[in-house]
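What follows is a set of notes on a single structure, which appears directly below.
The values are calculated or read from the model by the stated rules, or taken from the named source; none is laboratory data. These numbers come from a predicted model, not from an experiment. Cβ placement follows ideal geometry from the backbone for every residue including glycine, while neighbour counts extend to all protein chains displayed. The area values use the complete protein model at the heavy-atom level, side chains included, leaving out ligands, DNA and RNA. Shrake-Rupley method; radii C 1.70, N 1.55, O 1.52, S 1.80 Å.
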Amino acid sequence: MDSPPPPSSNARPLILGPPSPAAPYPIFVHGQVTKGFGRGGKQLGIPTANLPESAVSQALSHIPIGVYFGWAQVLAGDHCVRPMVMSLGWNPYFKNEKRSGEVHIIHEFTDDFYGAEIRVAILGFVRAERDYESLELLVEDIRVDIEAAKVSLRREPYWRIKDDQFFISSCEKKTENRKPKTEI
Ligand SMILES: Cc1cc2nc3c(=O)[nH]c(=O)nc-3n(C[C@H](O)[C@H](O)[C@H](O)COP(=O)(O)O)c2cc1C
């Protein structure tokens, strides 16, 4: 009898974590966006805002390396709080020598915002960091991370953290930030 094909790397659940954020989440972290190697946007088509080293070595020193999801706000432009996925670790595919925190905000920005303040609420763990045989497989996995983050954040207890006092209020594009009518 034929055995079923092995699951592909993107066959994983899109609903992450418990129905509400549980300890140690939410984890709030903020700092100035610093320059990374710049590969995120150019090579991957997935730009990331790097958290300052101090945030990674202090506020995020107690959580394991891996990929996380939550909300992020940049204090430049429209100040909207948007869904984010974050990679915390060594980026084995690129063999980095420093642990970094890189936030991909799920939105198409027209400008970069190096030096602006970024405020991040980490609400849960997505997966462990991995090495990949190709850039395409890395990008494919990040696309699933993004989908899973969007779906997972639609749950009310996760959604409401977007309005936490930690975020500086004001968002010019209120409609974009409205909760979709369909409940997951
Ligand atoms: C959500 C997300 C998940 C990621 N997962 C991995 C991973 O599993 N392994 C890896 O080597 N890099 C991973 N990366 C990191 C990318 O390699 C990283 O964004 C890339 O090194 C670009 O960084 P740079 O802009 O500082 O050059 C991930 C990035 C994001 C945003």
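How much of the pair distance distribution for the stretch 34-115 lies past 22 Å, counting alpha-carbon pairs only, in percent? Above the 22 Å cut-off, the stretch 34-115 has 20 percent of its Cα pairs. Taking the chain as a Gaussian network of alpha-carbon nodes connected by springs under 10 Å, the highest mean-square fluctuation of the residues 109, 28, 125 belongs to 109.
What a 1.4 Å probe finds exposed on the stretch 35-180 is 51% carbon and sulfur by accessible area, rounded to a whole percent.
Placing +1 on each Lys and Arg Cβ and -1 on each Asp and Glu Cβ, with no other charges, gives the stretch 27-164 a dipole about its Cα centre of roughly 200 debye. Accessible surface computed residue by residue for the chain, with neighbouring protein chains in place and a 1.4 Å probe, gives 55 Å² per residue.
The mean sequence distance of close C-alpha pairs (under 8 Å, at least 6 residues apart), as a share of the length of the chain, puts its relative contact order at 30 percent.
Beyond 20 Å in Cα-Cα separation lie the following of the pairs 35/98; 95/150; 42/95: 95/150.
Compared with the alpha-carbon gap, the fully stretched path from residue 57 to residue 76 is longer by 4.4 nm at 0.36 nm per residue.
Adding -39500 (n - 2.57) for every DSSP H run of four residues or longer, then dividing by how many residues the chain holds, sets the calculated 222 nm ellipticity at -4500 deg cm²/dmol.
The three principal axes of the Cα atoms in the chain give end-to-end lengths of 60, 40, 33 Å, sorted in falling order.
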